[in-house]
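Trainee: Mind having a look at this structure? Questions to follow.
What follows is calculated from the coordinates using simple rules that are stated; it is not laboratory data. Bear in mind that the values here come from a model prediction, so they are computed numbers and not experimental data. Please note: Cβ atoms are built from the backbone with ideal geometry, for glycine as well, and neighbour counts cover all protein chains shown.
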Amino acid sequence: MKNFKRKLSAVVLSAMFVSIPAIAFEGPHDTGLGQGLGGAVINNATGGLVDVTTGMGSADLNFNGNTHVNWDTLNVGRGESLNFNAVENANNLTILNTVNQGMTNVYGAINANDGIAKLIISNPNGVLFDGAQFTTAGDAMITTQPLTAEFVNGQMNIKDAAVTIPQGMIQIKDTNINVGGEFNILAPAIDIVKGHILANNGVKLVTQNGQDYIAANPNAMYPGVRMEAVNIDGDVYIQNKDGSVRTLNGGTINGNVDVASDNGSVAFNYRNNGEKLTVNGNLNSNANGQMTFVRNADIKGNLALSNSGGFVDIGDVHVTGNADLKTTGVDDINDKNFNHFVHVIGNTQVDGNLNVDSSQNIHIGGYDYDAKKLADGKLTVGGDLTAHSHNGHVMTTIDTSADKISLKSDTHNVLTDGKATLTANQYDFSANGYIGGLQTTDGMTVDEKVMYFMEKYERIPETVGTPAYINIAGGEVTGINTPTGASAYIASNGDMTVTGVNADDVHLTSYGHNINITGEDVHANNITVGGETDKLKVDYPSRDYNLTYTNIRDNAQVNIKGNEEITYNLTNGENGYNRGEQIKGENTYLVGPEGPNEPGPGPNPNPDPNESAKVLRSYERQPNVTAAQPYTPIAYAADLDDDNQNDKGIRKNVDGSVTVVRAFPMID
């Protein structure tokens, strides 16, 4: 066996195992290591350690078989290198290094060549990599779990050691790690700051029983895994038992991220100074903790967050795929501490579908806790937005856009601050109470009301104070669903078509745009159309709701009972139903349902002298008649045939009735 050279010359004799003498080596002392931390001492080795060769600031451990190296102390100083080499054509080796005393501090380099399939460093007292280099051709594991090995029939079996000492933590700072296989870190607490990690088969961070050692209060949010401004190439898998999983101040992960946290919070980029976290892959987290956060992040894949112990919160996040946010915890709603809700805040964009499923509240918006007011922002969804609250409110306080928007509360309300606008092609609203906006009343601001109903979980059966509308930009409303005794208020800034209603009292307005209420799925006790109903059309023949609107001819409110024909004393049209729209400025004063597309009656076997008379379908004044000109209350039209002296204004309708049409008097 070769002797150690100069700065690695101290030899300590110890027990002999498989003819391998105990070897000690000591590196050059570096004041940055602290008192007593310099050097490394091998106690014994079992297995295939051939020899140890040393040079200026380096030590090579050469192996031709699986080996358990037992160190009294293991440290690598700055400028030093510790190399694990498979020799004599050995390959697929496992090298277990266990450390007995003190932390392992690595400031230099540790390397393992391609004959070593797995390199393990086990130190229950903790491991620190600071400004170091760690390179392995195969798998690598750094752990504070006490491990030992036994040899049976030439095979080395690794097992837990019977050591009952507190486990330390693993810290990695400003270190470059390049692992050719899988990189595993196992400790009660893991702290990674900056640096770069490349692992061809992914990174696994596993914590266990860490809370027992790092905090007396098991409910406090202490880190189980903490990563700050870290760059990782490879998939990342984090299994956290206690404590929290946190990333801070940005960083880049080029791979998929999967987190399973048994009893801890998960917070990605939880605190940052504007630095963005980038994940070039999918991000999945399943937790049971106080909170799950993703902030100021680009997720170039799918995002899936689930939490059974608290709330889920994303803000200023861009997801290029789909996003699924879910809380599954169940609490007594009389308990003031329940908090299984979802926040979607800031300027957030999801290019695919966004599905929010919460056991309690859903808030699409933000709140500035310092200023005590709602925060600004915008949510943009390229696909469909579905927000379903099982035992709470769905609240929207920022402008939100998607292809389809569905907001549903099984037990409470669908609410807005009255200012946010929803933009979609289709909308579906469902609540067990009031659907609409909140306004300033009873001495409370809108912000205070939003927080009050969110925090108190108070269901609103009807309205509180003066009702406000949920604002939409226009499109098709496929569903408005409320129980008996509840109201829904929907206002459109564009043309609105309502095709699905199952509600008690519905209030619609469009600020001068078209409103079309149509289809066989519109059922309510009352539908009230507010504002100037100059472009209102109701075209379903068997209407079962009371309709209230403003007659633009005289600005009087008109109330028409369900199944009662909607008319201005004009004529019946196809199949006995009125046709047309109430259009201001175009002299058509009619709100009426169109008949179904059914064929008219067959040929009359007894021809009538008026057989050629056409069915009256439009109501237009003659161009030379002003709006102020008196006209007959029976009917008015401009379709009398002036060239036919026999046209007496008699019109036969398809239902067999006859209508007398009188033209407006001519103006001299």
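Trainee: How much FRET efficiency would the formula 1/(1 + (r/R0)^6) give for Asp521 and Thr411, where r is the Cβ-Cβ distance and R0 is 30 Å, rounded to 0.05? Intermediate results must be reported in sequence, preceding the final value.
Mentor: Values: r = 24 Å, r/R0 = 0.80.
Calculated value: 0.80.
Trainee: Next question. What do you get when you divide the Cα radius of gyration of the range 114-188 by 2.2 N^0.38 Å, with N the number of residues? Write down the numbers at each step before the final one.
Mentor: Numbers: Rg = 13.5 Å, N = 75, 2.2 N^0.38 = 11.3 Å.
Rounded to two decimals, the normalised Rg is 1.19.
Trainee: Okay, next question. Run the Debye formula on the Cα coordinates of the range 346-494, all scatterers equal and no solvent, and tell me log10 I(q)/I(0) at q = 0.15 1/Å.
Mentor: Rounded to two decimals, the profile gives -0.68.
Trainee: Please work out the FRET efficiency for the pair Met56 and Lys378, using the Cβ-Cβ distance as r and a Förster radius of 56 Å; give the result to the nearest 0.05. Numbers along the way, then the final one.
Mentor: On the way: r = 61 Å, r/R0 = 1.09.
The value I calculate is 0.40.
Trainee: Right, here's the next one. When only DSSP loop residues count, what trypsin sites (Lys or Arg not before Pro) in the range 406-475 have their Cβ near at most 15 other Cβ atoms within 10 Å?
Mentor: Within the range 406-475, the qualifying trypsin sites (Lys or Arg not before Pro) (loop, at most 15 other Cβ atoms within 10 Å) are Lys419.
Trainee: Here's a follow-up. Can you tell me the dipole magnitude for the range 64-200 around its Cα centre, using point charges on the Cβ only (Lys, Arg +1; Asp, Glu -1), in Debye to the nearest 20? Write down the numbers at each step before the final one.
Mentor: Details: 5 positive and 11 negative charges, 32 e Å.
My answer is approximately 160 debye.
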